[in-house]
1. If contacts are Cα pairs under 8 angstrom and at least 6 residues apart, what is the relative contact order of the range 4-178 in percent?
2. Suppose every K and R has +1 on its Cβ and every D and E has -1 on its Cβ; what is the size of the dipole of the range 4-178 about the Cα centre, in Debye to the nearest 20?
3. From the phi of every residue in the range 18-25, what ³J(HN,Hα) in whole Hz does the Karplus formula 6.51 cos²θ - 1.76 cosθ + 1.60 yield, where θ is phi - 60° and glycine or proline is x?
4. Specify the residue with the greatest mean-square fluctuation among 101, 161, 25, computed from a Gaussian network of the chain linking alpha-carbon atoms under 10 Å apart.
5. Do the sum for the chain: with -39,500 (n - 2.57) for every DSSP H run of n ≥ 4, divided by all residues, what is the mean residue ellipticity at 222 nm, to the nearest 500 deg cm²/dmol?
6. Given the C-alpha centroids of the range 1-64 and the range 105-179, what is the distance between them in whole angstrom?
7. Less than 18 Å apart at the alpha-carbon level, and either on another chain or at least 8 residues along: which aspartates and glutamates does that give for residue 149?
8. Using Cα-only point scatterers and the Debye equation, what is log10 of I(q)/I(0) for the chain at each q in 0.15, 0.17, 0.20 Å⁻¹, rounded to two decimals?
Amino acid sequence: METRIRAATLDDAEAIAAIYGPYVLQSPATFETIPPDAAEIRGRIEGITKSFPWLVAEGDDGIEGYAYASLHRDRPAYQWAADASAYVKPDNHRRGIGRQLYTELFDIVKRQGYTNVFAGITLPNEASVGLHRAMGFELVGVYRQIGYKLGAWHDTSWWQLRLQEDTAEPSPPVSWRDL
């Protein structure tokens, strides 16, 4: 079976927690320090998917990675901006799974009415920077030494992908479930 992209379900929470846990414990890629368990991930899926897509890449060995969008900021003038996150099992890196996930995710978010997607990348992380550049993201800035994890201070770079042009009077984005 080839990798297929589908909407995450609550039943995927355990597999998602298993993918994310090592990033939390062994990497500065996320600034969380305690890996969320399956119950916490289920709650996150429930909350995010009220408005945004959460997708998984499923292959022969189960869930290979996941990506989701979320609100960039909660003030009304930011409502056309979303954040994106993607995580792939380390043994599935460089197989195009992140690109597949992001391609589908950004298509949905664009159809929802969002104009920009933002992503934060803890540095150094050449693989993530490479993926975001390949997807068309542009660097907009770096927060220097913003997070301390695993015995070191880390910078976070912020990236922007323009999904569509501005309109004079934009309609509010719609829930992805209403598409």
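1. Values: 313 pairs, mean separation 36.9, N = 175.
21 percent.
2. On the way: 18 positive and 23 negative charges, 70 e Å.
Rounded to the nearest 20 debye, it is 340 debye.
3. 5, 6, 6, x, x, 5, 5, 7
4. 25
5. Working: 4 runs with 50 residues, N = 179.
Per the formula, -9000 deg cm²/dmol.
6. 18 Å
7. 32
8. The Debye formula, applied to the Cα set alone, gives -0.90, -1.17, -1.56.
Every number here is computed from the coordinates shown, using simple stated rules; none is lab data. Predicted model, so just to flag it, every value in this text is computed and none were measured. With ideal geometry, Cβ positions are generated from the backbone for all residues, glycine too; neighbour counts draw on all protein chains shown.
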